[in-house]
1. Does any residue of the range A:43-53 turn out to be basic (Lys, Arg) and without any contact (Cβ under 8 Å) to a residue 60 or more places away in the chain?
2. Looking at the range A:128-136, can you tell me whether even one residue there is within 7 Å of another protein chain (Cβ to nearest Cβ), open to solvent by less than 30 Å² (accessible area, probe 1.4 Å), in contact (Cβ under 8 Å) with a residue 40 or more places away in the chain and β-branched (Val, Ile, Thr)?
3. Can you tell me which residues in the range B:70-105 are open to solvent by 10 Å² or more (accessible area, probe 1.4 Å) and assigned to a loop (DSSP other than H, G, I, E, B)?
4. Looking only at the range A:65-77, count every residue that is open to solvent by 10 Å² or more (accessible area, probe 1.4 Å) and outside any helix (DSSP H, G or I) and tell me the total.
5. Report yes if some residue within the range B:362-373 is in contact (Cβ under 8 Å) with a residue 24 or more places away in the chain, part of a helix (DSSP H, G or I), among the basic types (Lys, Arg) and on the phi < 0 side of the Ramachandran plot; otherwise report no.
6. Scanning for something within 21 Å of residue A:96 (Cβ to Cβ) and in contact (Cβ under 8 Å) with a residue 12 or more places away in the chain, does the range B:273-281 turn up at least one residue?
7. Please determine whether any residue of the range A:110-127 is within 24 Å of residue A:59 (Cβ to Cβ) and among the basic types (Lys, Arg).
8. What about residue B:224, is it of a type in the set (Gly, Ala, Ser) and in contact (Cβ under 8 Å) with a residue 40 or more places away in the chain?
Amino acid sequence: MGLLGSDERPRDIILGTLDDLINMARSRSMWPLTFGIACCAIEMMATWDPKIDADRFGMFFRNTPRQADVMIVSGTVNKKLAKRLRRLYDQMAEPKWVISMGACANQGGPFRQGYSVVEGVDKIVPVDVYIPGCPPRPEALLQALLLLRDKIADRELRYQKPREIPADYDVLAEPGKDGRLPVL
Amino acid sequence: MNPIPIPEDRHFRPRLLGYDPQKSRPWLERLVYSAYVFVFWLIVIGTYAGVPALFEALGWNAGWGFVLMRALQVVLLFLLSAVIALLLILVLRKYLGKVQERYGPMHYGPAGGIQTVFDALKLLAKEDFVPAAADVLTFRLAPAVTFVASFAMFAVVPFASGWVLADTNVGLIYLIAVSTLSAYGVLLGGVSSGNKWALIGALRAGAQMVSYEIPLALVFLTVAVWAGSLSLGRIVDAQLGLWNVLPLALSFVLYVIASLAELKHIPFDFPEAESELIAGYNVEYSGMSFAFFFLAEFVELFLLPALIVVFFFGGWHGPLFGLEPGSLAAGALESLYFTVKTAVWVWIFLWIRATLPRYRDDQLMEFAWKAMIPLALFGLVLAAYLRLIWR
Amino acid sequence: MSLLQEVWQAVKAIGTGMATVHKRVYEDAPTEFYPYVKPDLPPVSVQSLALVENEDGSERCIVCLQCERACPAQVITIERHRNPEGKGFLIDRFDIDLVNCMYCAACVEACPVSSIVTIQDFEMSTYDLQTLKADIDFLHEQARRARQWYSPKFGVELRTEDGRIEKAPPEMQPGGLAELLKPAEEVDS
């Protein structure tokens, strides 16, 4: 995410330096959204406990999506939840990032053949960092947050687009009053 | 195509920054806090002694020159409020961390000292979002009203003898008027957001701040009766022999409770009760608008303890070690006394915040109307009676 | 109870609470400084999977497909062919989908030769899910980097400095039933 919503780092030396500075600040002040789904959320809470203490790196939960920077998808995403998750993501102010935590959020995990399960949250929202595990250790979540920090702070990596995953429109679309699917 | 190069061992490891703080370094933390307080002190000296001296030397201390001088002082005070917010947010996070047996922010800057600078920069560059259901003009205006209402209280707070922007003889009335204004900001912000949580938070804020404004005003009145003046400078001067906290102990306790409620501080944080209302009145605010609410909150967290010091703890009074009153050195020393006393009270407020749970909403109103106001009235009568027989 | 008593009790309760909170300030935090200090995990903790080779570099796995059958999440894919010279099978393909793996270690328990083992490297977070689709080279590499691993059949095994594989001393082995049945306070200390 560039300085003024641009897709590449400004060539100008002053604007480029400013861009680096702003993104350094962004990478060192990532406030996650208080949004827990399943058992991974327990490990997510444990990441902020005295033993791990992610607050050392300037991260603390904000309850409202408007003020949050990072969404940690911590658990199985059902088709019913998918619309709400996408809505929360849309409500977050730019710039925003997503961490997919645990096997279920990554690709459905043990539930991936289930009729109600979204097989991978990256079909709904663009994901920046994935954590395997069922559930991952709190340290693994902190590692992911720090990888995200490195990605934002790196002047090359932060403009790289995540791998393109075709969106799952069946999951997201909800028929309107006229019975037709809205355009997403 | 794979956008991010994969390392050879297929494991991404987080970068270890150059320094390796593996334990808390209390001396470094104290150094960082002292540096912030020193900057604060320098700005205070510059505002109240440096700028007037400069304009006097230039001969511009009349007419438009005087207006220019005041404008420059206000700009410096804005800088001061930014320093206060940066320091207090850092101290709050570190202190809550200590209380919860962890370390707060500690990896960015010396002992986490520039963490809040990063936060501020990030908020500056974050998208400032206006929801479709919001009333745009009011929505944009509300953070400014809240901040200006808090910031305007600086005008009458004396940092040392004569070190005040406007030593007006209606200082207390001005304070009541201005501190009530910040309720407007919160109320407008919540109602104009077009969000149910924000609306409930704003209504709670309105009810709470209006209720606690009354005991606060009654305590102001008590102090005015005791000192015989509405000017804050005179109130401090009247405490030369005896600090007000002893004769006005009852009003003092009421003032502390009412200012906690006025601050929307735990145990009275109903307007933004996180477990009930997501973020209360500022639920739809992001970026710089939210930062202004934050800034206003922490400026008030400095100003209300400062007013405790002014009203009950002798303001800037302290041993002057033979310095001539009114000189620059004496002013600097007095403002240091004032800062230290205020810092102690800010710490007590944070301590309360770290300890107490939230009250229930109906208990809050009951407490204000059934206990605080009768007690404040009693305190007023008591002060008047004591003044009659004592002085 | 009179009103005054009630007020006194409230003041006393708040005072006690604040004193208790203030005592916390002087206590040391149990924080482990994660990226600078790696946590000391017990040898049996299942963080990732690896495929161990013998000391001479030959395959320990006999391709019996027990792990593929045991896997509840069905993330193991094995293809094999009969060894043209001698007994047994040879591996064509041995993939573990570490994305969907739930790290239950059922495969480790099923393995008759302790070829597939659990290791303690939890730093698996990634920018790209493709890094976690583990093939046999990746699983071997995991085992080569690991200093120690665990399987129920052989217990904890160590890789010594000169590259040999030997069983860890008894104090490093996980306790059996006796440790689980110990009173709680002893386990805690």
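1. Within the range A:43-53, none of the residues are basic (Lys, Arg) and without any contact (Cβ under 8 Å) to a residue 60 or more places away in the chain.
2. no
3. Within the range B:70-105, B:100, B:101, B:102, B:103 qualify.
4. 1
5. For the range B:362-373, residues in contact (Cβ under 8 Å) with a residue 24 or more places away in the chain, part of a helix (DSSP H, G or I), among the basic types (Lys, Arg) and on the phi < 0 side of the Ramachandran plot: absent.
6. Yes, the range B:273-281 has at least one match.
7. Checked against the condition, which is being within 24 Å of residue A:59 (Cβ to Cβ) and among the basic types (Lys, Arg), the range A:110-127 yields no hits at all.
8. When the stated conditions are applied, residue B:224 passes them.
The values are calculated or read from the model by the stated rules, or taken from the named source; none is laboratory data. Every value quoted in this text rests on a predicted model; they were computed, and no experiment measured them. Using ideal geometry, Cβ is built from the backbone for each residue, glycine included, and neighbour counts are taken over all protein chains shown. Remember, those area values only see protein heavy atoms, side chains included, never the ligands or the DNA or RNA. Shrake-Rupley method; radii C 1.70, N 1.55, O 1.52, S 1.80 Å.
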